[in-house]
Amino acid sequence: MATARNRASFERGFVYLVLLLSAAFFLMPLIAMIFTSLKSMPEITGAAGFENNTILTPPKEPSVAAWGAAWSSACIAVACEGLRSYFWNSVLMVVFAVAISVMLGAVNGYVLSKWRFRGDNIVFGMLLFGCFIPFQIVLIPMARLLGILDIAGTIPGLVFVHVCYGIPFTTLFFRNFYVTIPDELVKAARIDGAGFWSIFFLILLPISTPIFVVAIIWQFTGVWNDFLFGASFAGADARPLMVALNNLVNTSTGTKTYNIDMAGAMIAALPTMLVYIVGGRYFVRGLTSGAVKG
């Protein structure tokens, strides 16, 4: 009995050790970014007084000056204005793009799962096909469409692009979630006189929190981290954060300021990290309750 207990304790300890080592391995790049962003350039380059400095050496004289420079005064291309305005461009873009695409996906999933009609499977198949279209294929036709709609180079134009590209994914998530809900629930509501929107808002939406979190996190991550669409369709005043970060890192202003580059990268990564920290457990719950079924 004692031997079995000791063996179980050893196995559990071994598993924890492997998990800790794996976590440390995957966290090393993040730790290196944080340490570098808090160092001065002399400390990064190993100047006098900072010998034997490595990328994983904690800062001897931590400072948030690089964060301030990246936020408000770092040079991007030819302008020294920091990431601040571009950060709010991304916030504005992601709020509207995520809200619109998730709500449209919820309605589409509801219709395709609970309101059967002729050709519904064909419609769902065509929407599903949209999940596999590479970004590069839609660049030219999307640029033409944005020009026709007169929203090229604007934040509404970027919102439109991300909504169009996100609807297939959100529709897939919600449709596969709603097919797991018994049809008898909807039929009973119809018998009681509930209509299309009453069933959606009063019955399905209250139980859709897990899949909403999945769709929101999926869309938020894709829209916030997008570079290609931002670089292709955004004008000078509508550039999202990732385009500005690329310009910041690749701007040649003499000595390379690695601390500002790393601070900028951390500023760009913090919203996504926060979203996953807050909604991570709901994300997993939503995946296991229908997001990948069907």
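The values are calculated or read from the model by the stated rules, or taken from the named source; none is laboratory data. Remember, it's a predicted structure, so these values are computed and weren't measured experimentally. Glycine gets a Cβ as well: all are built from the backbone with ideal geometry, and neighbour counts include every protein chain shown. Note: areas computed on protein heavy atoms with side chains; ligands, DNA, RNA excluded. Shrake-Rupley method; radii C 1.70, N 1.55, O 1.52, S 1.80 Å.
List of remarks:
- Accessible area (Å², 1.4 Å probe, nearest 10) - LEU56: 80 Å²
- Pairwise Lys count, the chain - Cα closer than 27 Å, eight or more residues apart or different chains: 6
- When the solvent-accessible area of the stretch 84-289 is split by element, carbon and sulfur atoms take up 70 percent of it, the probe being 1.4 Å.
- Computed E for ASN250/VAL107 - FRET, C-beta separation, R0 41 angstrom, nearest 0.05: 0.50
- Cα gyration tensor shape for the chain, rounded if a/c is under 1.5, else prolate or oblate: oblate
- Residue-level accessible surface for SER9, protein heavy atoms, 1.4 Å, Å²: 60 Å²
- Shape analysis of the stretch 181-257 places it in the prolate category; the axes a ≥ b ≥ c from the Cα gyration tensor give an a/c of at least 1.5, with a/b above b/c.
- Percentage relative contact order, the chain, counting C-alpha pairs under 8 Å, at least six apart: 28 percent
- Sum of -39500 (n - 2.57) over DSSP H runs of 4+, divided by residues of the chain (222 nm, nearest 500): -21500 deg cm²/dmol
- Legend: residues LYS60, LYS39, sorted from most to least accessible area (1.4 Å probe; ligands, DNA and RNA excluded), read LYS60, LYS39.
- Of ALA69, ALA268, ALA23, the residue with the greatest mean-square motion in the GNM of the chain, using alpha carbon springs below 10 Å, is ALA23.
- What the chain shows is 55 Å² of accessible area per residue, with the surface traced by a 1.4 Å probe over protein heavy atoms.
- Solvent-accessible area, 1.4 Å probe, carbon plus sulfur percent, for the stretch 2-63: 72 percent
- Measuring r between the beta carbons of LEU27 and ALA47 and using R0 = 30 Å, the FRET efficiency lands at 0.60.
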